[in-house]
Amino acid sequence: MNSKSKFITTPVYYVNAKPHIGHLYTTIIADALARFYRQQGVPAFFLTGTDEHGIKVQRAAEKNAQSPLKHATVHAKHFQDLFEKFNLSHNRFIRTTDQDHIKSVQHFWKTLEQNGHIYSGVYKGWYAAQDECFYTEKEIVDGKAPTGADVELIEEKTHYFRLSQFQQPLLDFFKKNPLFVQPKERFNEVISFVEQGLEDLSISRASVTWGIPTPSDPALTIYVWIDALCNYITALGYPDTNSEHFLTYWPESVHIIGKDILRFHAIFWPAFLMAAKLPLPQSVVAHGWWINRGKKMSKSLGNIIDPNELFDKFGPEPTRYFLLREAPFNSDGYFSEEALIKRTTADLSNDLGNLILRTTSMFVRYKAHLLSATYDKNIINNTYSLKDDLTKHMTSYQITRFCEKLWSLIADCNRYVDHTKPWQLFKEKNFEKLTNALFTTLEMIRCIALYITPILPDTSDKILNALDIKQSERSWLCLRHESAINSDNRIVSCGVLFPKEL
Ligand code: MSP
């Protein structure tokens, strides 16, 4: 791994409603990536947070008869609590109402203005509050936004950003950076959208009061998407582009998003950054949607799955595993409790849980630590070298493949136990073979526990604790014979990791 550092971000989530599994999903993906990089010894800064300005939040607060800030604070807490419950490892939870962010956005705006990319005008056209997005006449289908959101006709004073001037620079940038948007299918959508031509973008709102005032005309507020996108650089210390954080993490950034907000991240954001003369992010990775009862999960459709309920019913790690395992990024995921139960019973309770329980118990029962450790070097070499494929899958954002590969190792390990039959070797008092079989299995399990960290961090810890592996020996750099398990490890039985009645 030769990257010097990684900046992993999620979108900042709107605080108009409570979080659902779509929000949790994106954040879990970012968490898995951050943990993966950290485990390679690569410093990773993981950022998440809430998007608190704009008409959508303003209206939600009005509906609750609350001030927008009070409303935002209550809802931001729902996200914070959820991420804490799921043991997510973010380095900062940013709120777009944070003071440093407000300063950062105003500075960003002034820079765009000074660089000649903003002019005043009037916006007359369609706006969808649900998407916080302006739509052109030709995008409107049957009186609705292409997303199905309601639109309203607005006419108001505004500022425009000269997006049209960035068509060619964007296309040139895309050509030079074929991995800028992943998966590939999404990149093709972005390129064809830009090829069709870009219109200048309205970037301030006269009728929206809940927002950051534009520096030149405080009666107007800055368009919520400029505000929101800037969170990625605020968190690194912008406008101080010489701060240690900025220099370490920008532009080593991976923006994890859902495909619904690709246009903002893959077109507007790079254009804004070019206009501000800042380097562009390394990649934008868009996953699909979680579908429930045939439709994208969303508050307006009333088909939301509450992640707190999944937490109570199934626990954080089975829920996390299901979300990461079930849907590749280039397709949607179909949510059902039956599918979650089926997947986690098979993979977690049966394959992984059983393996760990039976092998650690046998080790303890047969007092294998009293014997001097030997193991099958060929099998273990193959187990170590699996890290290349796993790294390839994770760094190309194919987490489902990562899991598949890892579970084939778990299956191999189970087969090895079935084949060597330690219980029989014990009965036959064939202690030499017994030691070899048990230490080979436990060394495979040590590797499995290290590989599994990004997917199931808590389970990984439980297994490594049972194997008596020191905290300082839990990195992938320890996938080597020098760190192999031996008779000094005080191994205890791991117990049941995933109860069957899940
Ligand atoms: N506030 C903007 C993002 C600004 S980022 C600079 C926003 N917020 S949101 O609350 O609507 O969250 C959108 C994100 O939530 C999506 O991009 C996706 O990551 C996640 N999901 C929301 N619904 C989803 C599904 N049904 N399925 C999967 N993820 C989805 O847009």
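Please treat every number below as a calculation from the coordinates, not as lab data. All values derive from a computational prediction rather than experimental measurement. Here Cβ is always computed from backbone atoms with ideal geometry, including for glycine, and neighbour counts include all displayed protein chains.
Restricting attention to the range 318-335, does a residue exist that is touching a helix residue (DSSP H, G or I) at 6+ places or on another chain (Cβ under 8 Å), polar (S, T, N, Q) and within 25 Å of ALA149 (Cα to Cα)?
Yes, because at least one residue in the range 318-335 is touching a helix residue (DSSP H, G or I) at 6+ places or on another chain (Cβ under 8 Å), polar (S, T, N, Q) and within 25 Å of ALA149 (Cα to Cα).
Taking ALA228 as the residue in question, decide whether it is in contact with a strand residue (DSSP E or B) (Cβ under 6 Å, 6 or more places away or on another chain), more than 16 Å from ASP100 (Cα to Cα), of a type in the set (Gly, Ala, Ser) and within 9 Å of the ligand (Cβ to nearest atom). Reasoning before the result, please.
Details: in contact with a strand residue (DSSP E or B) (Cβ under 6 Å, 6 or more places away or on another chain): yes; more than 16 Å from ASP100 (Cα to Cα): no; of a type in the set (Gly, Ala, Ser): yes; within 9 Å of the ligand (Cβ to nearest atom): yes.
Answer is no for this residue.
Check ILE8, ILE55 and return the single one that is among the β-branched types (Val, Ile, Thr), within 14 Å of the ligand (Cβ to nearest atom), in contact (Cβ under 8 Å) with a residue 24 or more places away in the chain and more than 20 Å from GLU132 (Cβ to Cβ).
ILE8 is the lone residue from the list that is among the β-branched types (Val, Ile, Thr), within 14 Å of the ligand (Cβ to nearest atom), in contact (Cβ under 8 Å) with a residue 24 or more places away in the chain and more than 20 Å from GLU132 (Cβ to Cβ).
Give the residue that is farthest from GLY41 (Cα to Cα), with candidates limited to residues of the range 457-502 that are outside any loop (DSSP other than H, G, I, E, B), out of contact with any Asp or Glu (no Cβ under 7 Å at 6 or more places or on another chain) and of a type in the set (S, T, N, Q).
ASN465
For GLU337, state whether it is over 25 Å from CYS413 (Cβ atoms), away from the ligand (no atom under 16 Å from the Cβ) and out of contact with any His (no Cβ under 6 Å at 6 or more places or on another chain).
yes
Residues that are closer than 30 Å to ARG38 by Cα and touching a helix residue (DSSP H, G or I) at 6+ places or on another chain (Cβ under 9 Å): list the strands (runs of 3 or more DSSP E) wholly contained in the range 69-149 that include at least 2 such residues.
Numbers: elements: 92-95, 118-128, 133-135.
Passing ranges, in order: 92-95.
Here's the yes/no breakdown for (1) over 23 Å from the mean Cα position of the chain (by Cα); (2) within 16 Å of HIS90 (Cβ to Cβ); (3) β-branched (Val, Ile, Thr):
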| site | (1), (2), (3) |
| --- | --- |
| HIS20 | no, no, no |
| ILE29 | no, yes, yes |
| TYR37 | no, yes, no |
| PRO43 | no, yes, no |
| THR50 | no, yes, yes |
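Got at least one residue in the range 409-416 being surrounded by 18 or more Cβ atoms within 10 Å (Cβ to Cβ) and part of a loop (DSSP other than H, G, I, E, B)?
Taking every residue of the range 409-416 in turn, none turns out to be surrounded by 18 or more Cβ atoms within 10 Å (Cβ to Cβ) and part of a loop (DSSP other than H, G, I, E, B).
Would you call THR435 among the β-branched types (Val, Ile, Thr), within 37 Å of the chain's Cα centre (by Cα) and in a helix (DSSP H, G or I)?
Considered against the rule, which asks whether it is among the β-branched types (Val, Ile, Thr), within 37 Å of the chain's Cα centre (by Cα) and in a helix (DSSP H, G or I), THR435 comes out as no.
Scan the range 279-302 residue by residue and report those that are in a helix (DSSP H, G or I) and in contact (Cβ under 8 Å) with a residue 12 or more places away in the chain.
LYS299, SER300
Please verify whether ALA65 is out of contact with any strand residue (DSSP E or B) (no Cβ under 7 Å at 6 or more places or on another chain), assigned to a loop (DSSP other than H, G, I, E, B) and of a type in the set (A, V, I, L, M, F, W, C), treating the condition exactly as stated.
yes
So which of ASP312, ASP306, ASP332 ends up being within 12 Å of the ligand (Cβ to nearest atom) and surrounded by fewer than 17 Cβ atoms within 10 Å (Cβ to Cβ)?
Numbers: ASP312 fails: within 12 Å of the ligand (Cβ to nearest atom); ASP306 fails: within 12 Å of the ligand (Cβ to nearest atom).
Result: ASP332 is the single residue among ASP312, ASP306, ASP332 that is within 12 Å of the ligand (Cβ to nearest atom) and surrounded by fewer than 17 Cβ atoms within 10 Å (Cβ to Cβ).
How about the range 234-279: which of its residues are within 16 Å of the ligand (Cβ to nearest atom) and either hydroxyl-bearing (Ser, Thr, Tyr) or out of contact with any strand residue (DSSP E or B) (no Cβ under 9 Å at 6 or more places or on another chain) (or both)?
Listed by number, the residues that qualify are THR234, TYR238, SER253, ILE267, LEU273, ALA276, LEU278.
Out of the residues in the range 449-502 that are of a type in the set (S, T, N, Q) and buried (at least 20 other Cβ atoms within 10 Å of the Cβ), state the one that is nearest to HIS393 (Cα to Cα).
Among residues in the range 449-502 that are of a type in the set (S, T, N, Q) and buried (at least 20 other Cβ atoms within 10 Å of the Cβ), the one nearest to HIS393 (Cα to Cα) is THR453.
Yes/no per residue for (1) of a type in the set (A, V, I, L, M, F, W, C); (2) within 16 Å of the ligand (Cβ to nearest atom); (3) surrounded by fewer than 16 Cβ atoms within 10 Å (Cβ to Cβ):
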| position | (1), (2), (3) |
| --- | --- |
| TYR119 | no, no, yes |
| TYR127 | no, yes, no |
| PHE134 | yes, yes, no |
| ASP150 | no, yes, yes |
| SER164 | no, no, yes |
| GLN167 | no, no, no |
